[in-house]
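The values are calculated or read from the model by the stated rules, or taken from the named source; none is laboratory data. It should be emphasised that the depicted structure is a prediction, and the values quoted were computed from it without experimental measurement. As a convention, Cβ positions derive from the backbone with ideal geometry for all residues, glycine included, and neighbour counts pool all protein chains shown.
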Amino acid sequence: MSEVLTREEPRSAVKSNVILDVQDLKIHFPIYGGLFQREVAAVKAVDGVSFQLYEGETLGLVGESGCGKSTTGLAVLRMLPVTSGKIVFEGVDITNYDQKQMRPIRRRIQMVYQDPFGSLDPRMTVADIVGEPLEIHKLHGNRAERRERVMELLEMVGLRHDMIDRYPHQFSGGQRQRIGIARALAVEPRLLICDEPVSALDVSIQAQVVNLFQELQDKLGISSIFVAHDLAVVRHVSNRIAVMYLGTIVEISSRDELYANPKHPYTKALMASIPVPNPIVEAGRAHHIIKGEVPSAQRPPPGCRFHPRCPQAMPICKEKVPELRPEGKGMVACHLFS
Amino acid sequence: MAEITDTSVAIRQASTKRPNAIVGFFARLFREKPLGAAGAVICLIFLFAGVFADLLAPYGYNQIMPINRMKPPSWQFWFGTDNLGRDIFSRILYGARLSVIIGLSAAGLATIISVVLGITTGYLGGKFDMLVQRFVDAWMSFPELVVLIVVVAVVGPGMFPVIGILGCFLGIAGSRIIRSAVLSVREQSYIHAAQSIGGGTQRILWRHILPNVMPPVIVLFTTRVGAVILAEASLSFLGLGVPPPAPSWGGMLTGSSRNYMYLAPWMALAPGICLTLVVFSINMFGDALRDLLDPRMRTHR
């Protein structure tokens with residue numbers, strides 16, 4: 001099974017130049033209250049996240065619901081106000097770009113959405129949906145040329161030419177996701193942000209769409225951030241994986257290293273939660289169950305955010321925030337390693 | 001292989017220009033929505049009657065025939081005559097012109113105002129939404145009639161003040177309905193997708209939001225047509241609408257016909273039936289239009 005899931009060789013396409021550099025990113029959503037609607041608190045959805053993405057690389061962002069992984073993806077697209085930190089894309093600091101300045105950048109960064117049913121305008125045909133980015137960025141002058149390009153894109157994502165004049169409701173979930181991918185690829189982006197692109201699909205369809213992602217990435221050399229909570233899917237597509245917990249990255253490492261040798265107690269617990277396909281092995285396996293609930297992102301616990309649930313917590317964990325520092329082949333934020 | 005290339009060439013050449021789109025639309029209307037088609041036909045008949053009233057009417061709309069006062073319907077006077085001896089059929093034809101023009105243009109104006117206000121406030125939100133919606137609150141708190149009396153006193157009675165006032169009133173009130181529809185559409189992820197691929201506000205408003213709020217827009221328009229024709233009737237009754245002797249259906253329904261309701265019921269029946277028929281058929285047509293314009297309702301796959 002694992003032979004099927006993992007790819008034998010690391011991607012050769014990965015180059016060493018950084019395409020995206022996120023530095024100490026914080027996204028806080030203010031909560032207004034009281035008589036004058038003053039800011040009384042903030043949900044710290046992303047609280048000091050730093051990572052670098054290399055050209056041609058796929059970075060998996062994993063973590064449980066509410067850990068800020070989707071928010072991080074949206075922030076890179078500049079679809080959310082950034083509280084502090086820096087987002088540097090292709091050497092340009094886009095943190096404070098307004099929507100007008102972002103427009104040429106939007107051609108370089110595209111997004112694939114989670115919900116294949118909501119992300120396509122039900123009143124538009126495939127030709128219009130996939131052709132819209134081309135129209136916005138004035139890439140293929142007239143309708144006939146755009147249509148030609150849309151055909152190419154449909155072919156690329158494995159859809160038939162004669163589907164071009166259909167409406168989204170005439171497609172299955174997997175097909176719609178392919179249309180969404182075609183739309184994202186239309187403008188030849190350099191960075192693709194995939195926000196749980198397969199989690200709404202049936203398992204059998206998931207595999208097809210994941211394979212499509214890989215094919216396209218190998219062929220086009222696009223860098224991507226792959227947000228997901230399904231560790232098996234992430235393992236399949238990523239070169240490196242960042243594990244997030246409550247708005248921070250707790251461990252970031254190459255895929256093989258992370259799965260073979262998880263360091264952070266939270267990563268270990270996540271890995272242990274992946275079911276083993278063999279029922280006999282599964283039944284005899286020790287389960288590391290994390291106790292308790294995810295604390296509120298409004299008032300995260302002091303020190304290490306994972307300490308209230310950590311089986312290996314030490315006194316220092318309650319006081320000092322662990323920094324993300326190199327450990328072995330990756331980086332981990334845990335006092336056990338400092 | 002040859003077949004495959006043939007079809008793909010055909011698809012390539014079907015470059016979105018469809019000259020038969022209108023013909024195709026009407027074919028679908030008659031095939032899939034017979035009731036809506038009937039509504040469209042009735043509306044067209046009334047439009048035709050209004051436009052060609054001069055040719056079709058056997059008498060003038062203000063041609064008084066004292067000998068023939070309050071005659072019941074007959075071969076000579078199809079819908080009878082009124083208390084002044086005027087042919088009601090002729091007045092209905094001329095009235096169609098007035099009522100249909102007022103109905104369509106005031107409802108059209110109202111719908112445009114509703115759509116522009118509703119879509120911009122609903123999508124942009126924030127302070128702009130707050131300001132405009134408080135203005136709408138204030139506007140709606142004025143009694144319609146009082147404003148109308150003031151406006152008519154200033155500019156004088158006539159068709160255009162009536163269209164303007166009714167259009168503004170219904171339009172501003174209706175913006176709430178469109179706004180609430182926009183609020184749910186704008187949260188859809190296809191709107192988010194359009195933003196993230198770099199679509200500007202104008203594109204999102206008119207290319208994504210408007211088509212997706214078309215169902216309430218069409219319903220709003222069709223119900224407004226009936227409402228306007230009836231509102232014009234009550235205004236005419238107060239002497240604030242189109243001044244007599246111009247024959248509006250509302251005026252015919254509410255004017256002197258009330259005094260003669262028992263003696264000559266046909267005086268009120270004819271305009272009443274026509275009014276009902278127009279309102280009903282516009283609603284039927286609107287419903288059919290709403291369904292036909294929705295790609296999800298198409299039967300063929």
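Once the stretch A:309-326 is narrowed to residues that are farther than 24 Å from A:Tyr259 by Cα and out of contact with any strand residue (DSSP E or B) (no Cβ under 9 Å at 6 or more places or on another chain), the residue that is surrounded by the most Cβ atoms within 10 Å (Cβ to Cβ) is A:Cys317. Quick check on my filter: what residues within the stretch B:209-234 are touching a helix residue (DSSP H, G or I) at 6+ places or on another chain (Cβ under 6 Å) and free of Cβ contacts under 8 Å to residues at least 60 places away in the same chain? Selection gives B:Asn212, B:Pro216, B:Ala233. Look at (1) under 21 Å from the mean Cα position of the chain (by Cα); (2) part of a loop (DSSP other than H, G, I, E, B) and you find that A:Pro311 fails only one, number (1). Of the candidates A:Ala232, A:Ala200, the single residue that is modelled with pLDDT under 85 and assigned to a loop (DSSP other than H, G, I, E, B) is A:Ala200.
Residue-level check: of (1) surrounded by fewer than 15 Cβ atoms within 10 Å (Cβ to Cβ); (2) touching a residue at least 12 places away in the same chain (Cβ under 8 Å); (3) in a loop (DSSP other than H, G, I, E, B), B:Asn83 misses just (1). Scanning the stretch A:77-132 for residues that are within 13 Å of another protein chain (Cβ to nearest Cβ) and among the aromatic types (Phe, Trp, Tyr) yields A:Tyr97, A:Tyr113, A:Phe117.
Residues in the stretch A:1-45 that are among the β-branched types (Val, Ile, Thr), more than 17 Å from A:Ile241 (Cα to Cα) and either modelled with pLDDT of 85 or more or surrounded by 13 or more Cβ atoms within 10 Å (Cβ to Cβ) (or both): 3 in all. Can you find even one residue in the stretch B:256-273 that is of a type outside the set (A, V, I, L, M, F, W, C), away from chain A (no Cβ under 14 Å) and on the phi > 0 side of the Ramachandran plot? No, that holds for no residue.
Being more than 8 Å from every other protein chain (Cβ to nearest Cβ) and of a type in the set (Asp, Glu) is the filter here, so list the residues in the stretch A:142-191 that pass it. Correct list: A:Glu145, A:Glu152, A:Glu155, A:Glu188. Within the stretch B:267-291, the residues that satisfy the criterion of being crowded, with 22+ Cβ neighbours inside 10 Å and closer than 21 Å to B:Gly85 by Cβ are B:Met267, B:Ala270, B:Pro271, B:Cys274.
Tell me which of these B:Ser180 doesn't satisfy, since it passes every other one: (1) farther than 30 Å from B:Arg97 by Cβ; (2) at pLDDT below 90; (3) over 20 Å from the mean Cα position of the chain (by Cα); (4) not aliphatic (A, V, I, L, M). Of (1) farther than 30 Å from B:Arg97 by Cβ; (2) at pLDDT below 90; (3) over 20 Å from the mean Cα position of the chain (by Cα); (4) not aliphatic (A, V, I, L, M), only one is false for B:Ser180: (2).
Consider the stretch A:251-286 and keep the residues that are β-branched (Val, Ile, Thr) and modelled with pLDDT under 90. The one that is surrounded by the fewest Cβ atoms within 10 Å (Cβ to Cβ) is A:Ile280.
Return a yes/no flag: does the stretch A:265-284 have any residue that is closer than 30 Å to A:Ala42 by Cα and either among the acidic types (Asp, Glu) or in a loop (DSSP other than H, G, I, E, B) (or both). Scanning the stretch A:265-284, I find no residue that is closer than 30 Å to A:Ala42 by Cα and either among the acidic types (Asp, Glu) or in a loop (DSSP other than H, G, I, E, B) (or both), so the answer is no. Can you confirm whether the stretch B:168-190 contains a residue that is of a type in the set (Val, Ile, Thr), part of a helix (DSSP H, G or I) and closer than 30 Å to A:Ala184 by Cα? Yes, the stretch B:168-190 contains a residue that is of a type in the set (Val, Ile, Thr), part of a helix (DSSP H, G or I) and closer than 30 Å to A:Ala184 by Cα.
Residues that are away from chain A (no Cβ under 14 Å), assigned to a loop (DSSP other than H, G, I, E, B) and at pLDDT below 80 occur at least once in the stretch B:223-238. When the criteria are applied in full, B:Gly24 meets the requirement of being within 14 Å of chain A (Cβ to nearest Cβ), part of a helix (DSSP H, G or I) and either at pLDDT 75 or above or under 17 Å from B:Asn283 (Cα atoms) (or both). For A:Val321, state whether it is among the β-branched types (Val, Ile, Thr), outside any loop (DSSP other than H, G, I, E, B) and free of Cβ contacts under 8 Å to residues at least 60 places away in the same chain. Spelling it out, it is not the case that A:Val321 is among the β-branched types (Val, Ile, Thr), outside any loop (DSSP other than H, G, I, E, B) and free of Cβ contacts under 8 Å to residues at least 60 places away in the same chain. Answer yes if at least one residue in the stretch A:87-106 is at pLDDT 90 or above, within 25 Å of A:Pro300 (Cα to Cα) and in a strand (DSSP E or B), and no otherwise. Yes, the stretch A:87-106 contains a residue that is at pLDDT 90 or above, within 25 Å of A:Pro300 (Cα to Cα) and in a strand (DSSP E or B). Can you find even one residue in the stretch B:143-150 that is at pLDDT below 85 and either of a type in the set (Gly, Ala, Ser) or part of a loop (DSSP other than H, G, I, E, B) (or both)? Checking the stretch B:143-150: at least one residue is at pLDDT below 85 and either of a type in the set (Gly, Ala, Ser) or part of a loop (DSSP other than H, G, I, E, B) (or both). Would a scan of the stretch B:203-220 turn up a residue that is surrounded by fewer than 22 Cβ atoms within 10 Å (Cβ to Cβ), part of a helix (DSSP H, G or I), within 14 Å of chain A (Cβ to nearest Cβ) and of a type in the set (Phe, Trp, Tyr)? There is at least one residue in the stretch B:203-220 that is surrounded by fewer than 22 Cβ atoms within 10 Å (Cβ to Cβ), part of a helix (DSSP H, G or I), within 14 Å of chain A (Cβ to nearest Cβ) and of a type in the set (Phe, Trp, Tyr). Could you look through the stretch A:208-250, keep only residues that are surrounded by fewer than 19 Cβ atoms within 10 Å (Cβ to Cβ) and small (Gly, Ala, Ser), and pick out the one that is farthest from the chain's Cα centre (by Cα)? Step by step, filter the stretch A:208-250, then rank; the result is A:Gly221.
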